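Comments concern the structure below.
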Amino acid sequence: MKLHVIERIKLMQLLPFPKEGNRMTFKIIDDLQKDLSFSEKEFKEFKIKEDNGQISWESSKEKEIVIGDIANNIICEALKRLDKAGKFDIYYFKLSDKFNIDKSQKKKLKVNQTK
């Protein structure tokens, strides 16, 4: 999936490590955090700066990030929790469209209805 700088930042903020869980979940989140983070080359190329907690950059380039099914589910669930808590901002709203959280909700409903 191609992600802009702001989308990568917002996903890193969205995916802190849980207090507890299984090894697989920790490994997937760890790998995803590493993939979303910025290399030294990207910091220079995108002119990423942090000043008083504010991050700025000068690039509209995207990076292809491989997001597997389990990582996708973790992201969708985290976005749904934010939505339910009323803590969406415009960037989380756009990410929710990109990750099709409405479709993932419908899939779950179908599965639950067939049981």
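Bear in mind that the values in this text are calculations on the coordinates, not laboratory data. Note that the coordinates shown come from a computational prediction; the quantities given were computed from them, not determined experimentally. Cβ coordinates were reconstructed from backbone atoms using ideal geometry, including for glycine residues, and neighbour counts include every protein chain displayed.
Calculate, in nm to one decimal, what R81 and R23 gain on full extension: separation in residues at 0.36 nm each, minus their alpha carbon distance.
18.7 nm
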(message) Test of understanding: what is the full-extension gain from K98 to K49, defined as 0.36 nm times their sequence separation minus their Cα-Cα distance?
(response) 15.0 nm
(request) Select one label from [x] 17; [y] 28; [z] 32: the one whose number is percent of Cα pairs over 25 Å apart as derived from the coordinates shown. (result) [y]
(message) At a threshold of 8 angstrom on Cα-Cα distance, excluding pairs fewer than six apart, so keeping six or more, what relative contact order does region 18-87 reach in percent?
(response) 24
(message) To test your reading of the geometry: what angle, between 0 and 90 degrees and rounded to tens, separates the Cα axis of helix 23-36 from the longest principal axis of the chain?
(response) 40
(message) Compute the angle between helix 5-14 and the longest alpha-carbon principal axis of the chain, please, reported from 0 to 90 degrees and rounded to the nearest 10.
(response) 50
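Run the helix sum for the chain: -39,500 (n - 2.57) per DSSP H stretch of 4+ residues, divided by residue count, reported at 222 nm to the nearest 500 deg cm²/dmol.
Helix contribution divided over all residues of the chain: -18500 deg cm²/dmol.
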(message) What is the sum of charges, Lys and Arg at +1 and Asp and Glu at -1, for the other residues whose Cβ falls under 10 Å from the Cβ of S96?
(response) 0
